[in-house]
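Taking it in order: structure first as structure tokens, then the write-up.
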Amino acid sequence: MKKNAFYILSGFILFAALSRLLPHATNFTPLGAIALFGAAYFPSKKWAFIIPIFALWLSDLFLNNIFYSAYYEGFTLFTSGFLYIYGAFALIIILGFYLFKHITLPRVVGGALGGSIIFFVISNFGVWLTSPMYPVTLEGLALCYTAAIPFFHYTLAGNLLYCGVLFGGYEYIKYKNPELSLAQV
């Protein structure tokens with residue numbers, strides 16, 4: 001395992017996850033990009049899951065207990081909707097395993113779009129199933145997805161921007177440091 005490459009990849013993911021602490025439009029986050037980036041560059045599936053999920057959880061920990069503490073009773077380890085959000089995140093990582101046998105611009109853009117769709121479908125299904133806002137009927141499900149449409153473009157824009165930053169940044173670093181291209185993380 002090449003430690004330099006591992007630390008650089010992990011650092012990219014951690015900094016991207018912590019960027020969630022900055023002010024941003026609703027759903028304009030690096031979540032899908034982090035999942036895809038980890039899947040693309042960590043040859044070990046174990047690390048491709050562990051590092052991105054840990055970074056997501058760490059940023060959630062800060063957000064929930066500092067910024068959104070008024071919405072929780074006491075310290076909280078997991079965000080509401082945890083299963084659906086992290087489930088969607090894991091599915092995006094799996095998408096990345098299949099998509100990034102070779103890293104190309106069309107695959108990165110396709111991954112950002114696919115990741116956005118996965119997150120939209122899974123997370124809003126969770127909202128419909130667990131929230132009292134929508135009846136648990138097909139009409140309620142349709143209403144939930146319809147209400148979420150205005151936020152989809154922020155998810156897609158966030159994934160596209162952060163994929164550009166993460167993939168482009170790491171490819172640039174590999175270009176400047178060719179030994180990283182040969183590194184097995």
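What follows is calculated from the coordinates using simple rules that are stated; it is not laboratory data. These numbers come from a predicted model, not from an experiment. All Cβ positions, glycine included, derive from the backbone under ideal geometry; neighbour counts span all protein chains shown.
Helices meeting the span-like rule in the chain (full DSSP H runs, Cα extent of at least 18 Å along the helix axis, mean Kyte-Doolittle score of 1.0 or higher): 3-18, 45-62, 82-99, 105-130. Applying a DSSP loop filter and a limit of 10 other Cβ atoms within 10 Å to the chymotrypsin sites (Phe, Trp or Tyr not before Pro) in the range 48-100 leaves 75.
This model, with +1 at the C-beta of Lys and Arg and -1 at the C-beta of Asp and Glu, gives the chain a dipole about its Cα centre of some 680 debye. Cβ-to-Cβ counts within 10 Å put 108, 127 in ascending order as 127, 108, the fewest first.
One way to sum up the overall shape of the chain is the equivalent ellipsoid from its Cα gyration tensor, whose semi-axes run 30, 19, 14 Å, largest first.
For a paramagnetic label modelled at 7 Å from the Cα of residue 62 toward its Cβ, which residues of the range 1-33 fall within the zone defined by backbone nitrogen distances under 14 Å? Correct set: 11-24, 30-31. Helical content alone sets the calculated 222 nm signal of the chain at -24000 deg cm²/dmol, taking -39,500 (n - 2.57) per DSSP H segment of four or more residues and averaging over every residue.
Considering only 69, 48, 87, and ranking their Cα positions along the charge dipole of the chain that arises from unit charges at the beta-carbon of Lys, Arg, Asp and Glu, the one farthest toward the positive end is 48.
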